[in-house]
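Enquirer: Sharing a structure below in structure tokens format, with a few things to ask.
Just so it is clear, none of the values below were taken in a lab; they were calculated from the coordinates. The model shown is predicted, which means the values in this text are computed figures rather than measured ones. Glycine also receives a Cβ, built like all others from the backbone with ideal geometry; neighbour counts cover every protein chain displayed.
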Ligand code: JFT
């Protein structure tokens, strides 16, 4: 692989005599030539710049001098030739672009200074080489040399033999995972009061692997959230998904990528989407024998636009919504009684059945869209709802929350048991005109 680096400051490229790139040059893997642009001038002052056409500050580099320098470099190479031009207005240099460049035969890097290189240089050479105008990042340098050094190191290390083979395997696993790397440690075991996380020295390789994966997820969420939104869902296992949920990202069924999610109090602007969500989640929780007419009657009575508007207007109702990917994916409706009274007395509240010293709060609805089952969404929504109810009943030492759920819905009962609810009694429950058997579950709102 041949690099021709052209600049008025070729001494910038002396660093490429060091380290792995220097070794690779000695072994003939990389053929790097630094050139002084002024070698192609003919005037006594060795002038490479002139005033900008159309006016303005500073100077612009002359195309005629650059033309002679680049022509010389092109004649010295062959095969796939790339003319790389660092510029603040170029496309950001990526690992993908470096991988592509590592398959070229020659890369010529034209490093300008001042206000830049006359635009006709890039235009002209597009006809006889691949022209790649790139930027190192969104910050301002005084010229292209530092970008050229970065490009040579990033591309050079992808040439077989430049870096050990083990390294390239590591690289692949990470660039393909699309995550930032986990933190690394070495001896001493304790340094300035800081210790190595014990999971890494425990000898439990499975636990160490999981710990590193979780730290990579933490860092990526914190530092590069756009990379999380671009993750391929197919590369995420059950544990990744559960951990991502704890960091505020859900991966619903058949979604291509994780979605940013939040749980918050519902507001009036959520109502239309909540009504649509309620209409598609309520039938999921009904017993299979229930008639569509009964289901429709219930939705019309309790889950209509008007009903939700009333819940939101009434301070006794605590309405909490899970938003994922910008739209509601789940919601809860809870009813606070007056003082330390009983909410839902006429609905079968287990008053007298549970021990309490405070209100008996009814958790009337907990619904999560089918696509979000098993994503951690339900537990998240439940925790946030219980935290709100805890807050709302903080005047009392021992408030209790209760709910009724269809006796045949084992999945729901399992989810409620996981959230700390226990069966306390049963009730008959009317949906439309049909009688249903429900189990009544309850839990203390506050657990020590
Ligand atoms: C800055 C540069 C890169 C990259 C090439 C040339 C002149 C100075 C300059 C500064 C601000 C506006 C010109 C360059 C870069 C980066 C690259 C030149 N300048 N116009 N700055 N920051 N990431 N690559 Cl030629």
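Enquirer: Using a Gaussian network model on the chain with a 10 Å cutoff between Cα atoms, which of 400, 263, 184 fluctuates the most?
Expert: Maximum fluctuation in the GNM of the chain, among the listed residues, is at 184.
Enquirer: So, one more: Could you please state, rounded to a whole Å, how far the C-alpha centre of region 336-371 is from the C-alpha centre of region 202-281?
Expert: Cα centres, region 336-371 to region 202-281: 31 Å.
Enquirer: Between helix 377-392 and the chain, what is the angle of the helix's C-alpha long axis to the longest principal axis, kept within 0 to 90° and rounded to the nearest 10?
Expert: Taking Cα atoms only, the helix is inclined about 60 degrees.
Enquirer: How far, in degrees from 0 to 90, does helix 63-76 lean away from the longest principal axis of the Cα atoms of the chain, to the nearest 10?
Expert: 90
Enquirer: Taking the beta-carbon count within 10 Å as an exposure proxy, list 180, 430 from fewest neighbours to most.
Expert: If I rank by nearby Cβ atoms, fewest first, I get 430, 180.
Enquirer: Moving to a separate point now. Could you give the length gained by full extension between residue 19 and residue 257, i.e. 0.36 nm per residue of separation minus their alpha carbon distance, to one decimal place?
Expert: Difference between extended and current length: 81.7 nm.
Enquirer: I need the P(r) histogram for the chain: all alpha carbon pairs, bin width 10 Å from 0 out to the longest distance, whole percents.
Expert: That works out to 4, 16, 19, 15, 13, 11, 11, 9, 4, 1, 0, in percent per bin.
Enquirer: As I understand it, the value is the acute angle between the Cα axis of helix 165-177 and the longest principal axis of the Cα atoms of the chain; what does it come to in degrees, rounded to 10?
Expert: Approximately 50 degrees, to the nearest 10.
Enquirer: Order the peptides 104-116, 346-358 from the highest to the lowest mean number of other Cβ atoms within 10 Å of their residues.
Expert: 104-116, 346-358
Enquirer: In what order do 40, 380 fall by count of nearby beta-carbon atoms within 10 Å, going from fewest to most?
Expert: Least to most surrounded, the residues fall as 40, 380.
Enquirer: What order do you get for 194, 236 when you list them from fewest to most C-beta neighbours inside 10 Å?
Expert: Listed from fewest to most nearby Cβ atoms, that is 194, 236.
Enquirer: With a bin width of 10 angstrom, please list the P(r) values of region 2-164 as percents of all Cα-Cα pairs, from the 0 bin to the one holding the largest distance.
Expert: Each 10 Å bin holds this share of Cα pairs: 10, 41, 36, 11, 2, 0.
Enquirer: Can you give the helix-only mean residue ellipticity at 222 nm for the chain, where every DSSP H stretch with n ≥ 4 adds -39500 (n - 2.57) and the sum goes over all residues, rounded to the nearest 500 deg cm²/dmol?
Expert: -10000 deg cm²/dmol
Enquirer: Tally the DSSP beta bridges in the chain and give the antiparallel ones as a percent, rounded to 5.
Expert: So the antiparallel bridges amount to about 60 percent of the total.
Enquirer: On the Cα set of region 319-448, report Rg and Dmax in Å, please.
Expert: 14.4, 43
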